[in-house]
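Down below is the structure, laid out as C-alpha coordinates.
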DNA sequence: CTTTTTCATTGACCTCGGTTAAGAAAAGAT
DNA sequence: ATCTTTTCTTAACCGAGGTCAATGAAAAAG
(Lines give C-alpha, C1' and ligand atoms only; values in the text may rest on other atoms or scores of the structure.)
Protein backbone atom coordinates (compact mmCIF):
# COMPACT_ATOMS: atom_id res chain seq x y z
CA UNK A 1 0.00 0.00 0.00
CA UNK A 2 2.00 2.97 -1.25
CA UNK A 3 1.32 6.56 -2.25
CA UNK A 4 -2.38 6.49 -2.94
CA UNK A 5 -2.93 10.25 -2.86
CA UNK A 6 -0.36 10.69 -5.57
CA UNK A 7 -2.78 9.10 -7.99
CA UNK A 8 -5.12 11.99 -7.41
CA UNK A 9 -2.36 14.52 -7.86
CA UNK A 10 -1.34 12.79 -11.06
CA UNK A 11 -4.88 12.98 -12.30
CA UNK A 12 -5.04 16.73 -11.93
CA UNK A 13 -1.56 17.13 -13.34
CA UNK A 14 -2.90 15.87 -16.66
CA UNK A 15 -4.72 19.14 -16.97
CA UNK A 16 -2.56 21.75 -15.23
CA UNK A 17 0.73 22.06 -13.43
CA UNK A 18 0.20 22.02 -9.68
CA UNK A 19 2.08 24.09 -7.11
CA UNK A 20 3.32 22.50 -3.89
CA UNK A 21 0.52 24.21 -1.97
CA UNK A 22 -2.07 22.81 -4.27
CA UNK A 23 -0.63 19.33 -4.08
CA UNK A 24 -0.83 19.42 -0.30
CA UNK A 25 -4.41 20.65 -0.36
CA UNK A 26 -5.46 17.89 -2.70
CA UNK A 27 -3.77 15.27 -0.59
CA UNK A 28 -5.55 16.55 2.49
CA UNK A 29 -8.95 17.50 1.14
CA UNK A 30 -9.92 14.38 -0.60
CA UNK A 31 -11.03 11.01 0.46
CA UNK A 32 -9.58 7.95 -1.18
CA UNK A 33 -10.98 4.55 -0.35
CA UNK A 34 -10.46 0.96 -1.32
CA UNK A 35 -13.38 -1.15 -2.45
CA UNK A 36 -13.35 -4.92 -2.91
CA UNK A 37 -14.48 -6.60 -6.11
CA UNK A 38 -18.28 -6.61 -6.51
CA UNK A 39 -18.74 -3.77 -4.01
CA UNK A 40 -21.82 -1.75 -4.97
CA UNK A 41 -21.22 2.02 -5.00
CA UNK A 42 -24.72 3.06 -5.95
CA UNK A 43 -28.03 1.23 -6.21
CA UNK A 44 -31.05 1.86 -8.36
CA UNK A 45 -33.48 4.09 -6.51
CA UNK A 46 -30.80 5.58 -4.29
CA UNK A 47 -29.87 9.23 -4.31
CA UNK A 48 -26.20 9.68 -5.18
CA UNK A 49 -24.62 11.93 -2.59
CA UNK A 50 -21.13 11.83 -4.07
CA UNK A 51 -19.41 11.58 -7.38
CA UNK A 52 -16.41 9.37 -8.01
CA UNK A 53 -13.03 9.28 -9.59
CA UNK A 54 -11.62 5.87 -10.41
CA UNK A 55 -7.92 5.90 -9.58
CA UNK A 56 -7.38 2.17 -9.94
CA UNK A 57 -9.60 -0.69 -10.99
CA UNK A 58 -12.77 -0.93 -13.03
CA UNK A 59 -16.37 0.08 -12.31
CA UNK A 60 -19.47 -0.85 -14.30
CA UNK A 61 -22.69 1.11 -14.63
CA UNK A 62 -25.73 -1.02 -15.37
CA UNK A 63 -29.43 -1.49 -14.89
CA UNK A 64 -31.50 -4.60 -14.34
CA UNK A 65 -34.16 -5.84 -16.74
CA UNK A 66 -35.92 -9.04 -15.71
CA UNK A 67 -32.98 -9.72 -13.44
CA UNK A 68 -30.58 -9.32 -16.37
CA UNK A 69 -27.66 -6.97 -16.02
CA UNK A 70 -27.54 -4.46 -18.87
CA UNK A 71 -24.16 -2.81 -18.76
CA UNK A 72 -24.15 0.76 -19.99
CA UNK A 73 -20.58 1.88 -19.31
CA UNK A 74 -17.23 0.86 -17.90
CA UNK A 75 -15.04 3.28 -15.99
CA UNK A 76 -11.34 2.66 -15.52
CA UNK A 77 -8.24 4.51 -14.37
CA UNK A 78 -8.76 8.30 -14.28
CA UNK A 79 -12.38 8.15 -15.39
CA UNK A 80 -14.61 10.50 -13.41
CA UNK A 81 -18.14 9.31 -12.61
CA UNK A 82 -20.74 12.01 -12.14
CA UNK A 83 -23.98 10.05 -11.70
CA UNK A 84 -27.04 11.67 -13.25
CA UNK A 85 -28.63 11.06 -9.86
CA UNK A 86 -25.94 13.24 -8.30
CA UNK A 87 -26.34 16.02 -10.85
CA UNK A 88 -30.13 16.11 -10.90
CA UNK A 89 -30.81 15.14 -7.29
CA UNK A 90 -33.10 12.36 -8.37
CA UNK A 91 -33.20 8.61 -7.61
CA UNK A 92 -30.66 6.71 -9.68
CA UNK A 93 -31.75 4.57 -12.57
CA UNK A 94 -28.46 2.73 -12.52
CA UNK A 95 -26.24 0.62 -10.35
CA UNK A 96 -22.54 1.23 -9.96
CA UNK A 97 -20.34 -1.63 -8.86
CA UNK A 98 -16.72 -2.69 -8.87
CA UNK A 99 -15.64 -5.19 -11.51
CA UNK A 100 -12.22 -5.34 -9.86
CA UNK A 101 -10.83 -4.28 -6.49
CA UNK A 102 -10.79 -0.50 -6.77
CA UNK A 103 -9.16 2.62 -5.46
CA UNK A 104 -11.67 5.43 -5.71
CA UNK A 105 -11.76 9.06 -4.71
CA UNK A 106 -15.19 10.36 -3.78
CA UNK A 107 -16.19 14.00 -3.92
CA UNK A 108 -19.09 15.87 -2.38
CA UNK A 109 -20.63 19.01 -3.77
CA UNK A 110 -19.49 21.03 -0.75
CA UNK A 111 -15.90 19.87 -0.97
CA UNK A 112 -15.80 20.65 -4.67
CA UNK A 113 -17.20 24.12 -4.11
CA UNK A 114 -14.67 24.71 -1.32
CA UNK A 115 -11.83 23.62 -3.53
CA UNK A 116 -12.98 25.77 -6.45
CA UNK A 117 -13.34 28.80 -4.18
CA UNK A 118 -9.81 28.39 -2.90
CA UNK A 119 -8.42 27.73 -6.35
CA UNK A 120 -10.54 29.44 -8.97
CA UNK A 121 -8.10 28.46 -11.65
CA UNK A 122 -9.44 24.91 -11.31
CA UNK A 123 -12.87 25.95 -12.55
CA UNK A 124 -12.14 25.63 -16.28
CA UNK A 125 -10.46 22.28 -15.68
CA UNK A 126 -13.50 20.92 -13.89
CA UNK A 127 -15.75 22.09 -16.67
CA UNK A 128 -13.45 20.63 -19.26
CA UNK A 129 -13.43 17.26 -17.56
CA UNK A 130 -17.21 17.13 -17.61
CA UNK A 131 -17.41 18.28 -21.23
CA UNK A 132 -14.77 16.03 -22.67
CA UNK A 133 -16.41 13.06 -21.01
CA UNK A 134 -19.86 13.67 -22.43
CA UNK A 135 -18.41 14.46 -25.84
CA UNK A 136 -16.36 11.28 -25.96
CA UNK A 137 -19.38 9.15 -25.21
CA UNK A 138 -21.53 11.11 -27.59
CA UNK A 139 -19.58 10.21 -30.69
CA UNK A 140 -19.30 6.57 -29.61
CA UNK A 141 -22.99 6.20 -28.97
CA UNK A 142 -24.09 8.27 -31.95
CA UNK A 143 -23.22 5.68 -34.52
CA UNK A 144 -23.69 2.60 -32.34
CA UNK A 145 -27.06 2.08 -33.96
CA UNK A 146 -25.46 1.94 -37.40
CA UNK A 147 -22.94 -0.73 -36.46
CA UNK A 148 -23.55 -4.46 -36.51
CA UNK A 149 -22.61 -6.28 -33.31
CA UNK A 150 -19.49 -7.53 -35.05
CA UNK A 151 -18.43 -4.01 -36.00
CA UNK A 152 -19.17 -2.82 -32.49
CA UNK A 153 -16.81 -5.38 -31.10
CA UNK A 154 -14.06 -4.47 -33.55
CA UNK A 155 -14.53 -0.82 -32.71
CA UNK A 156 -14.27 -1.62 -29.01
CA UNK A 157 -11.03 -3.48 -29.57
CA UNK A 158 -9.66 -0.42 -31.34
CA UNK A 159 -10.80 2.17 -28.86
CA UNK A 160 -10.43 0.31 -25.57
CA UNK A 161 -8.29 -2.78 -26.09
CA UNK A 162 -7.60 -2.95 -22.36
CA UNK A 163 -11.24 -3.62 -21.52
CA UNK A 164 -11.41 -6.81 -23.55
CA UNK A 165 -8.55 -8.26 -21.55
CA UNK A 166 -9.54 -7.29 -18.04
CA UNK A 167 -13.31 -7.74 -18.17
CA UNK A 168 -15.15 -11.10 -18.47
CA UNK A 169 -16.56 -11.68 -21.93
CA UNK A 170 -20.15 -11.97 -20.85
CA UNK A 171 -19.88 -8.43 -19.51
CA UNK A 172 -18.39 -7.22 -22.77
CA UNK A 173 -21.31 -8.88 -24.54
CA UNK A 174 -23.78 -7.11 -22.28
CA UNK A 175 -22.00 -3.82 -22.94
CA UNK A 176 -22.24 -4.40 -26.69
CA UNK A 177 -25.90 -5.30 -26.39
CA UNK A 178 -25.58 -8.91 -27.54
CA UNK A 179 -25.64 -12.42 -26.09
CA UNK A 180 -22.46 -14.10 -24.84
CA UNK A 181 -22.97 -16.87 -27.42
CA UNK A 182 -23.01 -14.33 -30.21
CA UNK A 183 -19.83 -12.69 -29.01
CA UNK A 184 -18.21 -16.10 -28.99
CA UNK A 185 -19.21 -16.67 -32.61
CA UNK A 186 -18.09 -13.18 -33.61
CA UNK A 187 -14.67 -13.75 -32.10
CA UNK A 188 -14.40 -17.03 -33.93
CA UNK A 189 -15.41 -15.39 -37.21
CA UNK A 190 -12.92 -12.55 -36.85
CA UNK A 191 -10.19 -14.99 -35.98
CA UNK A 192 -11.02 -17.12 -39.03
CA UNK A 193 -10.94 -14.08 -41.32
CA UNK A 194 -7.54 -13.04 -40.03
CA UNK A 195 -6.17 -16.50 -40.76
CA UNK A 196 -7.53 -16.33 -44.27
CA UNK A 197 -5.97 -12.94 -44.94
CA UNK A 198 -2.60 -14.11 -43.74
CA UNK A 199 -2.57 -17.27 -45.81
CA UNK A 200 -3.55 -15.49 -49.05
CA UNK A 201 -1.48 -12.32 -48.99
CA UNK A 202 -2.65 -9.48 -51.25
CA UNK A 203 -0.40 -8.26 -54.07
CA UNK A 204 -0.34 -4.64 -52.87
CA UNK B 1 -45.46 36.94 -40.10
CA UNK B 2 -46.36 37.83 -36.52
CA UNK B 3 -44.54 38.14 -33.19
CA UNK B 4 -41.39 36.14 -33.82
CA UNK B 5 -39.41 37.45 -30.85
CA UNK B 6 -42.16 36.30 -28.52
CA UNK B 7 -41.17 32.74 -29.27
CA UNK B 8 -37.82 33.43 -27.69
CA UNK B 9 -39.42 35.06 -24.67
CA UNK B 10 -41.75 32.10 -24.33
CA UNK B 11 -38.78 29.79 -24.42
CA UNK B 12 -37.10 31.45 -21.48
CA UNK B 13 -40.37 31.74 -19.62
CA UNK B 14 -40.43 27.96 -19.39
CA UNK B 15 -37.61 28.23 -16.93
CA UNK B 16 -38.14 31.52 -15.06
CA UNK B 17 -40.55 34.42 -14.90
CA UNK B 18 -39.21 37.37 -16.86
CA UNK B 19 -39.49 41.03 -15.94
CA UNK B 20 -40.47 43.60 -18.54
CA UNK B 21 -36.87 44.80 -18.70
CA UNK B 22 -35.61 41.34 -19.39
CA UNK B 23 -38.21 40.73 -22.06
CA UNK B 24 -37.12 43.87 -23.88
CA UNK B 25 -33.47 42.90 -23.67
CA UNK B 26 -34.15 39.47 -25.09
CA UNK B 27 -36.18 40.92 -27.92
CA UNK B 28 -33.37 43.30 -28.78
CA UNK B 29 -30.31 41.21 -28.12
CA UNK B 30 -31.04 38.21 -30.17
CA UNK B 31 -31.13 37.42 -33.81
CA UNK B 32 -33.99 35.44 -35.23
CA UNK B 33 -33.85 34.31 -38.82
CA UNK B 34 -35.91 32.31 -41.24
CA UNK B 35 -34.37 29.44 -43.16
CA UNK B 36 -35.96 27.62 -46.10
CA UNK B 37 -36.35 23.87 -46.21
CA UNK B 38 -33.04 22.07 -46.93
CA UNK B 39 -30.96 25.07 -45.86
CA UNK B 40 -27.65 23.88 -44.44
CA UNK B 41 -26.74 25.52 -41.11
CA UNK B 42 -23.42 23.77 -40.59
CA UNK B 43 -21.23 21.59 -42.77
CA UNK B 44 -18.78 18.86 -41.93
CA UNK B 45 -15.33 20.34 -41.50
CA UNK B 46 -16.64 23.82 -40.72
CA UNK B 47 -16.07 25.54 -37.41
CA UNK B 48 -19.37 26.39 -35.75
CA UNK B 49 -19.32 30.03 -34.75
CA UNK B 50 -22.81 30.08 -33.29
CA UNK B 51 -25.23 27.88 -31.47
CA UNK B 52 -28.90 27.64 -32.32
CA UNK B 53 -32.33 27.56 -30.80
CA UNK B 54 -35.08 26.11 -32.95
CA UNK B 55 -38.20 28.23 -32.46
CA UNK B 56 -40.21 26.72 -35.29
CA UNK B 57 -39.54 23.87 -37.71
CA UNK B 58 -37.26 20.86 -37.65
CA UNK B 59 -33.51 20.48 -38.01
CA UNK B 60 -31.57 17.28 -38.57
CA UNK B 61 -28.02 16.52 -37.51
CA UNK B 62 -26.28 13.90 -39.65
CA UNK B 63 -23.05 12.73 -41.16
CA UNK B 64 -22.26 11.22 -44.53
CA UNK B 65 -20.92 7.71 -45.03
CA UNK B 66 -20.34 6.69 -48.64
CA UNK B 67 -22.70 9.46 -49.62
CA UNK B 68 -25.36 8.07 -47.27
CA UNK B 69 -26.99 10.37 -44.79
CA UNK B 70 -26.78 8.97 -41.26
CA UNK B 71 -29.15 10.99 -39.13
CA UNK B 72 -28.07 11.32 -35.53
CA UNK B 73 -30.66 13.68 -34.08
CA UNK B 74 -33.73 15.75 -34.82
CA UNK B 75 -34.31 19.12 -33.21
CA UNK B 76 -37.75 20.69 -33.09
CA UNK B 77 -39.53 23.55 -31.35
CA UNK B 78 -37.60 24.87 -28.33
CA UNK B 79 -34.68 22.50 -28.77
CA UNK B 80 -31.32 24.21 -28.30
CA UNK B 81 -28.45 23.07 -30.51
CA UNK B 82 -24.96 23.51 -29.09
CA UNK B 83 -22.71 21.89 -31.70
CA UNK B 84 -19.72 20.03 -30.33
CA UNK B 85 -17.76 22.05 -32.86
CA UNK B 86 -18.96 25.22 -31.15
CA UNK B 87 -18.14 23.98 -27.67
CA UNK B 88 -14.72 22.52 -28.45
CA UNK B 89 -13.65 24.92 -31.19
CA UNK B 90 -12.92 22.07 -33.56
CA UNK B 91 -14.09 21.25 -37.09
CA UNK B 92 -17.56 19.77 -37.08
CA UNK B 93 -18.10 16.09 -37.72
CA UNK B 94 -21.73 16.70 -38.54
CA UNK B 95 -24.02 18.56 -40.85
CA UNK B 96 -27.00 20.53 -39.66
CA UNK B 97 -29.81 21.22 -42.08
CA UNK B 98 -33.47 22.17 -42.09
CA UNK B 99 -36.00 19.41 -42.64
CA UNK B 100 -38.73 22.05 -42.77
CA UNK B 101 -38.80 25.82 -43.21
CA UNK B 102 -37.44 27.05 -39.88
CA UNK B 103 -37.39 29.97 -37.52
CA UNK B 104 -34.14 29.87 -35.63
CA UNK B 105 -32.41 32.06 -33.08
CA UNK B 106 -28.63 32.03 -33.25
CA UNK B 107 -26.36 32.93 -30.37
CA UNK B 108 -22.70 33.82 -30.23
CA UNK B 109 -20.45 33.24 -27.27
CA UNK B 110 -19.99 36.98 -26.74
CA UNK B 111 -23.70 37.73 -26.77
CA UNK B 112 -24.33 34.97 -24.29
CA UNK B 113 -21.59 36.22 -21.99
CA UNK B 114 -22.99 39.75 -22.24
CA UNK B 115 -26.45 38.56 -21.40
CA UNK B 116 -25.25 36.50 -18.45
CA UNK B 117 -23.23 39.40 -17.10
CA UNK B 118 -26.25 41.67 -17.22
CA UNK B 119 -28.54 39.05 -15.75
CA UNK B 120 -26.57 36.69 -13.52
CA UNK B 121 -29.77 34.98 -12.47
CA UNK B 122 -29.86 33.42 -15.93
CA UNK B 123 -26.68 31.46 -15.26
CA UNK B 124 -28.29 28.47 -13.57
CA UNK B 125 -30.97 28.35 -16.28
CA UNK B 126 -28.37 28.17 -19.01
CA UNK B 127 -26.55 25.42 -17.21
CA UNK B 128 -29.78 23.55 -16.60
CA UNK B 129 -30.70 23.72 -20.28
CA UNK B 130 -27.40 22.17 -21.26
CA UNK B 131 -27.61 19.50 -18.59
CA UNK B 132 -31.19 18.44 -19.15
CA UNK B 133 -30.47 18.08 -22.85
CA UNK B 134 -27.49 15.81 -22.46
CA UNK B 135 -29.26 13.78 -19.79
CA UNK B 136 -32.35 13.24 -21.92
CA UNK B 137 -30.29 11.91 -24.79
CA UNK B 138 -28.17 9.85 -22.45
CA UNK B 139 -30.99 7.64 -21.27
CA UNK B 140 -32.37 7.27 -24.79
CA UNK B 141 -29.05 6.27 -26.28
CA UNK B 142 -28.01 4.13 -23.34
CA UNK B 143 -30.36 1.31 -24.09
CA UNK B 144 -30.59 1.81 -27.83
CA UNK B 145 -28.18 -1.05 -28.27
CA UNK B 146 -30.46 -3.39 -26.37
CA UNK B 147 -33.50 -2.66 -28.47
CA UNK B 148 -34.40 -4.35 -31.74
CA UNK B 149 -35.22 -1.99 -34.61
CA UNK B 150 -38.89 -2.75 -34.06
CA UNK B 151 -38.68 -1.80 -30.39
CA UNK B 152 -36.76 1.33 -31.26
CA UNK B 153 -39.55 2.42 -33.55
CA UNK B 154 -42.21 1.74 -30.93
CA UNK B 155 -40.20 3.67 -28.37
CA UNK B 156 -39.88 6.58 -30.78
CA UNK B 157 -43.64 6.63 -31.30
CA UNK B 158 -44.07 6.80 -27.52
CA UNK B 159 -41.49 9.47 -26.84
CA UNK B 160 -41.77 11.67 -29.93
CA UNK B 161 -45.00 10.88 -31.76
CA UNK B 162 -44.84 14.23 -33.56
CA UNK B 163 -41.64 13.28 -35.40
CA UNK B 164 -43.19 10.29 -37.12
CA UNK B 165 -45.85 12.51 -38.63
CA UNK B 166 -43.79 15.45 -39.76
CA UNK B 167 -40.62 13.74 -40.98
CA UNK B 168 -40.36 11.50 -44.08
CA UNK B 169 -40.11 7.82 -43.21
CA UNK B 170 -36.78 7.27 -44.84
CA UNK B 171 -35.32 9.85 -42.47
CA UNK B 172 -36.94 8.13 -39.51
CA UNK B 173 -35.36 4.91 -40.74
CA UNK B 174 -31.96 6.54 -40.94
CA UNK B 175 -32.43 7.92 -37.43
CA UNK B 176 -33.30 4.44 -36.14
CA UNK B 177 -30.30 2.97 -37.92
CA UNK B 178 -32.24 0.74 -40.31
CA UNK B 179 -33.21 0.63 -44.00
CA UNK B 180 -36.42 2.26 -45.24
CA UNK B 181 -37.62 -1.15 -46.47
CA UNK B 182 -37.25 -2.57 -42.97
CA UNK B 183 -39.20 0.27 -41.42
CA UNK B 184 -41.96 -0.40 -43.91
CA UNK B 185 -42.09 -4.05 -42.88
CA UNK B 186 -41.97 -3.14 -39.20
CA UNK B 187 -44.91 -0.79 -39.58
CA UNK B 188 -46.85 -3.47 -41.36
CA UNK B 189 -46.04 -6.01 -38.65
CA UNK B 190 -47.08 -3.69 -35.84
CA UNK B 191 -50.27 -2.86 -37.69
CA UNK B 192 -51.04 -6.54 -38.17
CA UNK B 193 -50.45 -7.30 -34.50
CA UNK B 194 -52.81 -4.55 -33.44
CA UNK B 195 -55.51 -5.98 -35.67
CA UNK B 196 -55.04 -9.37 -34.13
CA UNK B 197 -55.26 -8.04 -30.59
CA UNK B 198 -58.47 -6.21 -31.37
CA UNK B 199 -60.19 -9.19 -32.98
CA UNK B 200 -59.33 -11.56 -30.12
CA UNK B 201 -59.98 -9.46 -27.02
CA UNK B 202 -58.40 -10.67 -23.80
CA UNK B 203 -60.59 -11.65 -20.85
CA UNK B 204 -59.11 -9.09 -18.45
C1' DC C 1 -6.04 -32.34 -4.84
C1' DT C 2 -11.11 -32.80 -5.67
C1' DT C 3 -15.52 -30.71 -6.09
C1' DT C 4 -18.43 -27.09 -7.41
C1' DT C 5 -19.48 -23.08 -9.71
C1' DT C 6 -18.70 -19.88 -13.13
C1' DC C 7 -17.63 -18.82 -17.71
C1' DA C 8 -16.85 -19.81 -22.71
C1' DT C 9 -17.76 -22.44 -26.75
C1' DT C 10 -20.42 -25.13 -30.16
C1' DG C 11 -24.44 -26.82 -32.82
C1' DA C 12 -29.33 -26.74 -34.53
C1' DC C 13 -33.10 -24.08 -35.49
C1' DC C 14 -35.66 -19.79 -36.34
C1' DT C 15 -36.65 -14.86 -36.83
C1' DC C 16 -35.53 -10.41 -38.24
C1' DG C 17 -33.27 -7.07 -40.90
C1' DG C 18 -30.14 -6.23 -45.17
C1' DT C 19 -30.09 -6.43 -50.09
C1' DT C 20 -31.80 -6.20 -54.67
C1' DA C 21 -35.23 -5.17 -57.79
C1' DA C 22 -39.68 -3.89 -59.13
C1' DG C 23 -43.72 -1.31 -58.78
C1' DA C 24 -47.31 1.72 -56.37
C1' DA C 25 -48.51 6.12 -54.25
C1' DA C 26 -47.86 10.79 -53.15
C1' DA C 27 -46.13 15.28 -53.98
C1' DG C 28 -44.45 18.92 -57.10
C1' DA C 29 -43.86 21.01 -61.44
C1' DT C 30 -45.50 22.72 -65.86
C1' DA D 1 -54.95 17.71 -66.19
C1' DT D 2 -50.16 15.28 -67.37
C1' DC D 3 -45.57 14.42 -66.42
C1' DT D 4 -41.62 14.01 -63.20
C1' DT D 5 -39.57 13.23 -58.99
C1' DT D 6 -39.77 11.77 -54.52
C1' DT D 7 -41.29 8.60 -51.15
C1' DC D 8 -43.23 4.24 -49.68
C1' DT D 9 -44.40 -0.67 -50.22
C1' DT D 10 -43.86 -5.60 -51.52
C1' DA D 11 -41.48 -9.88 -52.65
C1' DA D 12 -37.56 -13.24 -52.71
C1' DC D 13 -33.27 -14.56 -50.98
C1' DC D 14 -29.52 -14.62 -47.64
C1' DG D 15 -26.79 -14.12 -43.50
C1' DA D 16 -26.25 -12.64 -38.68
C1' DG D 17 -27.80 -12.84 -34.19
C1' DG D 18 -31.28 -14.84 -30.65
C1' DT D 19 -32.58 -18.99 -28.28
C1' DC D 20 -32.15 -23.49 -26.26
C1' DA D 21 -29.41 -27.20 -24.98
C1' DA D 22 -25.15 -29.62 -24.35
C1' DT D 23 -20.32 -29.77 -23.62
C1' DG D 24 -15.62 -27.96 -22.28
C1' DA D 25 -12.63 -25.14 -19.85
C1' DA D 26 -11.28 -22.39 -16.07
C1' DA D 27 -11.79 -20.44 -11.33
C1' DA D 28 -13.23 -20.63 -6.89
C1' DA D 29 -14.35 -23.26 -2.99
C1' DG D 30 -13.89 -27.08 -0.19
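Odds and ends about this structure:
- Just one of the listed residues (A:138, A:194, A:169) is farther than 24 Å from residue B:94 by Cα and modelled with pLDDT under 95, namely A:194.
- Residue match in the stretch A:107-128 (condition: modelled with pLDDT of 75 or more and within 16 Å of DNA strand C (Cβ to nearest atom)): no
- Every pair of residues 6+ apart whose Cβ atoms lie under 9 Å, when the first sits in the stretch B:159-185 and is farther than 25 Å from residue A:149 by Cβ and within 14 Å of another protein chain (Cβ to nearest Cβ) while the second is more than 9 Å from DNA strand D (Cβ to nearest atom) and assigned to a loop (DSSP other than H, G, I, E, B): none
- Checked against (1) free of Cβ contacts under 8 Å to residues at least 24 places away in the same chain; (2) within 28 Å of residue A:162 (Cβ to Cβ), residue A:66 meets all criteria but (2).
- Selection within the stretch B:31-56 - in contact with a helix residue (DSSP H, G or I) (Cβ under 9 Å, 6 or more places away or on another chain) and surrounded by fewer than 17 Cβ atoms within 10 Å (Cβ to Cβ): B:31, B:32, B:46, B:47, B:49, B:56
- Check on residue A:56, farther than 25 Å from residue A:166 by Cβ, away from every other protein chain (no Cβ under 14 Å) and within 20 Å of the chain's Cα centre (by Cα): no
- Within the stretch B:170-181, considering residues that are within 17 Å of the chain's Cα centre (by Cα) and more than 11 Å from DNA strand C (Cβ to nearest atom), the one surrounded by the most Cβ atoms within 10 Å (Cβ to Cβ): B:175
- Test: residue in the stretch B:45-52 that is touching a residue at least 12 places away in the same chain (Cβ under 8 Å), outside any loop (DSSP other than H, G, I, E, B) and not assigned by TED's automatic domain parsing to the domain that holds residue B:167: yes
- Odd one out for residue A:74 among (1) outside any strand (DSSP E or B); (2) buried (at least 17 other Cβ atoms within 10 Å of the Cβ): (1)
Okay, residues lined up against (1) free of Cβ contacts under 8 Å to residues at least 60 places away in the same chain; (2) out of contact with any helix residue (DSSP H, G or I) (no Cβ under 6 Å at 6 or more places or on another chain); (3) surrounded by fewer than 18 Cβ atoms within 10 Å (Cβ to Cβ):
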site	(1), (2), (3)
A:78	no, no, yes
A:87	yes, yes, yes
A:91	yes, yes, yes
A:94	yes, yes, no
A:97	yes, yes, no
A:106	no, yes, yes
A:114	no, yes, yes
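The values are calculated or read from the model by the stated rules, or taken from the named source; none is laboratory data. Remember, predicted model here, so these are calculated numbers, not experimental data. Positions of Cβ are generated from backbone atoms using ideal geometry, with glycine treated the same way; all protein chains shown enter the neighbour counts.
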